[in-house]
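Quick note: the coordinates plus some simple rules give every number you see, no bench work behind them. Note that this is a predicted model, so its numbers are computed, not measured. Counting neighbours? That spans all protein chains shown, and the Cβs are built from the backbone with ideal geometry, glycine included.
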């Protein structure tokens, strides 16, 4: 099903005046310069090539009135009315998103199980190589591509909430430029897998297999980028069901393709690795027609304009770098555990066991990710519409749901630990170590759930840089050294490495709560609305409002 667009919701968006009054206000509002503000309009000659935040106070006055109207409309509702409406809307978006996330992660799960059976004699080595390959992909593809996607999600949700439909598509064009600029770096890293892993102290034989898998993963990058851009544009409009269908089709086809390549050709484990590019290709192909038929696209697509796209690259770049750092520093904590495990005795068993543990964490967090993504979208829409009180209440809903869902997930993981671990490899030692690790680290799941909920709030508010700084300090500067102390000084092994990460996560959660209590939601709503306004407001306001109506 397609979730109704936010702009059609009477409850959320009856904050502007009638259409004619709004257009008159936009086109003829008086300029009220502050002391020292020049009335020179020569800086506007470049139209939308000027910064997204206009330098003329006319727009500021209009936005202030809209924000006041939005705040007044929300203040007339009780807390329970807002919570009730937003909980229903959050679940309506979260459930399809949850299924989509689950189906997106299932292919990797199936491939990791399948790859351990391509060569029984080398199953532990191949599985360890696959986990290292997945680790690098998580840092590069997950950190860079999905990190930039997080920034684009934020900007698109703000633009849609503020009824800036043309600006939404301008953002996707700028995102395309940013991704193209990142392609050479991604290619270089994925082509240098083996020497990079050897330099990091990994076993040369394992690094060789992992390097081949990384080279294969280069094929999926263009399709992953296409899918990420289209997904940002659609989910900002609360359209999520197409991702369910695309992920389901991708899961089925990629699994069949991987099985055929691995067991019916001479490709072996490389055949399994080829399943991922096939899956991403299918997802991009299935979502493209949805975008082309999207009413907002049909009515508001401004046509490709590279100069307009370049004008927005600095804005996306700044927020994108913060988003990449936010996700990368979080992943660094996980990544260093795998890398450090490769330096401990019995490295292949520990790497494989850690990979199984990371896999079960990912599986357990599928429902949580759906809630967090949906929550970030709803908060972003509310902030873009100037509804600060509503956004704050949504953040409380998301945080509570994150903690509850992750607690339930921990109980389920404890029950399935042994059979889940044995599904990956016939090696009894690896299975035993993985099962013990899962059960020892169950308290980490609720902590990570709360941290993920907090990160969705940072993301919706456009505070990715602050979140990146907290991730770096808590998970890398504090978590990694503490993990080494626990692992080496207290002889806790790989569980000690994770204990350090757990300590860093606790510190992050405390810092996040302190920030949440001190922050001004009204200011963030004001910033979100101003940030979505293009310089050429008078040229685009007509089509934006028409689409929103």
Practice task
Whole Å is fine, so just give me how far the alpha carbon centre of segment 197-262 lies from that of segment 420-449.
Solution key: 24 Å
Handout entry: Footprinting exposure proxy for 515, 310, 498, 169 (fewest neighbouring C-beta atoms within 10 Å first)
Key = 310, 515, 169, 498
Fill in the blank from the handout: Label model pair residue 72, residue 523: point-to-point distance (7 angstrom along the Cα→beta-carbon line) in nm is 2.5 nm
Completion exercise
Two pseudo-spin positions, 7 Å from Cα along C-beta at residue 400 and at residue 489, lie apart in nanometres by 4.1 nm
Exercise for the section: Using a Förster distance of 22 angstrom, determine the FRET efficiency expected from the C-beta separation of residue 266 and residue 122, and round it to 0.05. Expected result: 0.90
Problem - Mean separation of Cα contacts under 8 Å, 6 or more apart, over the residue count of segment 79-531: relative contact order % - result: 24 percent
Problem - Alpha carbon centroid spacing (whole Å) that separates segment 69-134 from segment 339-378 - result: 12 Å
Completion exercise
Stretched fully, the stretch from residue 440 through residue 473 gains (0.36 nm per residue minus C-alpha distance, one decimal, in nm) 9.4 nm
Handout entry: Inter-label distance, nm, simple model (7 Å from Cα along the C-beta direction), residue 428/residue 81
Key = 6.7 nm
Handout entry: Hydrodynamic radius by Kirkwood, which averages 1/r over all alpha carbon pairs of segment 350-414, in angstrom
Key = 13.2 Å
